[in-house]
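Comments concern the structure below.
Taken together, the values in this text are just the output of simple stated rules run on the coordinates, not laboratory data. Treat the numbers as computed from the prediction; the structure is a model and nothing was measured. Here Cβ is always computed from backbone atoms with ideal geometry, including for glycine, and neighbour counts include all displayed protein chains.
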Amino acid sequence: MADTLIHDVTEPTPSETRPRRPRVRRTPTTYVLRLIAAAYLFFLVAWPVSLVVTNTFEGGFGSIRLLIEDPDIVVALQLSAYVAFFSVLINTVFGVGMSILLVRYEFPGKRALNALLDLPLSVSPIVVGLALVLVYGGRNGWLGPTLAGWGFDIIFSTPGIIMATTFVALPLMIRELVPVLEEIGIEQEQAAMSLGATALQRFWRITLPSIKWGIVYGVVLTLARSLGEFGAVKVVSGNILGQTRTATLVVEEKYLNFDAQGAYATAFLLAMVSVACIVVVAIIRPKNQH
């Protein structure tokens, strides 16, 4: 009997240790707001995307098969994948380093730098593409003639497309990681440093495991943004068939040439890559990650 009482006192049941959620009183206003939110998402996101899917497969899998059989379309899809890969890679490395710099260190101009990182979200991609042309253009650009003399062509080539795509997706990784780094704090890193751990050891064993899901979400957002970029790419690529034409440019070309089925099919392939990434992340992430 005594053992039972001690057990009851010292070991609370799971229901006692689990934090209780406050009960929210549901009013008619709550249901109205839910209805408005659902209608907004339906008309702005769900319905248009579903129309793309239904129009893609309106005649079966013929439109997808035609895309795969067209060598120019295959080159465009490969180029989009190539550009997206390097854009994600560059933004991941830069984003992790910049996020640590913003959260862990104090330096003059920090607030200005933090605001400058949001510039790609506020500036039109067309302006970004034009700015890159003015800097790296072959004849009239500031650095274009010098780079061309060294054998480097930036504008109207793959490097220019990668630069434009990387720029427009720049803030996504950083804005995912900064809140995570602020939440985990520096106590564990300070403890490891007091035990003699080097900066590299602290990063690989403490910081990186703590922010890995933030990196995953940032990669998904960056990938989706990179695959869907159009404005800046259109300016810097030159839209050269079989060389600098990306999948997003294919969508525009086919739609303007009254090949709506081909435009829908190409857009469907681009959208499905992003949706697949989101689904995979939702499946593999731990339940306690929100």
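Points worth noting:
- Of the chymotrypsin sites (Phe, Trp or Tyr not before Pro) found in the range 179-283, those that fall in a DSSP loop while having at most 11 other beta-carbon atoms within 10 Å are 258.
- For the range 34-121, chymotrypsin sites (Phe, Trp or Tyr not before Pro) are listed when DSSP marks them as loop and at most 12 other Cβ atoms sit within 10 Å of their Cβ; the list is 61, 105.
- Of the residues 265, 228, 199, the one whose Cα sits farthest towards the positive end of the charge dipole of the range 63-284 is 199 (charges of +1 on Lys and Arg Cβ, -1 on Asp and Glu Cβ, taken about the Cα centre).
- A Förster radius of 41 Å combined with the Cβ-Cβ distance from residue 200 to residue 139 puts the calculated FRET efficiency at roughly 0.35.
- Options (i) 148; (ii) 174; (iii) 249 - which one matches volume of the Cα convex hull per residue in Å³ as calculated here: (iii)
- Residue 121 versus residue 239: modelled label distance in nm, points set 7 Å from Cα along the beta carbon direction: 3.0 nm
- Relative to the dominant Cα principal axis of the chain, helix 158-168 is inclined by about 40°.
- A dipole drawn for the chain from +1 and -1 charges on Cβ atoms has a positive end, and of 157, 48, 90 the residue lying farthest that way is 48.
- Qualifying GluC sites (Glu not before Pro) in the range 102-206, DSSP loop, other Cβ atoms within 10 Å at most 10: 106
- Residue of 84, 38, 247 that the Gaussian network model of the chain assigns the largest fluctuation, springs spanning Cα pairs under 10 Å: 38
- Inter-label distance for residue 44 and residue 280, nm, one decimal - labels placed 7 Å from Cα along Cα-to-Cβ: 2.9 nm
- Total charge dipole magnitude, the range 157-290, about the Cα centre, Cβ charges on Lys, Arg, Asp, Glu only, Debye to nearest 20: 220 debye
- Förster radius 25 Å - calculated FRET efficiency between residue 68 and residue 114, Cβ distance, rounded to 0.05: 0.05
- For the chain, a crude dipole built from +1 on the beta carbon of Lys and Arg and -1 on the beta carbon of Asp and Glu, taken about the Cα centre, is about 620 debye to the nearest 20.
- Ranked for footprinting exposure by Cβ neighbours inside 10 Å, fewest first, 200, 66 give 200, 66.
- Distance between the modelled labels on residue 31 and residue 100, one decimal in nanometres: 5.3 nm (7 Å Cα→Cβ projection).
- Among 240, 174, 278, the ranking by other beta carbons within 10 Å of each residue's beta carbon, starting with the fewest, stands as 240, 278, 174.
- Evaluated at q = 0.15, 0.17, 0.18, 0.20 Å⁻¹, a Debye calculation over the C-alpha positions of the range 124-250 (equal weights, vacuum) places log10 I(q)/I(0) at -0.77, -0.85, -0.89, -0.99.
- Viscosity 0.692 mPa s, temperature 37 °C, Stokes-Einstein D of the range 61-151 from Kirkwood C-alpha radius, µm²/s: 193 µm²/s
- Relative contact order, whole percent, for the chain stands at 26, derived from Cα pairs under 8 Å and 6 or more residues apart.
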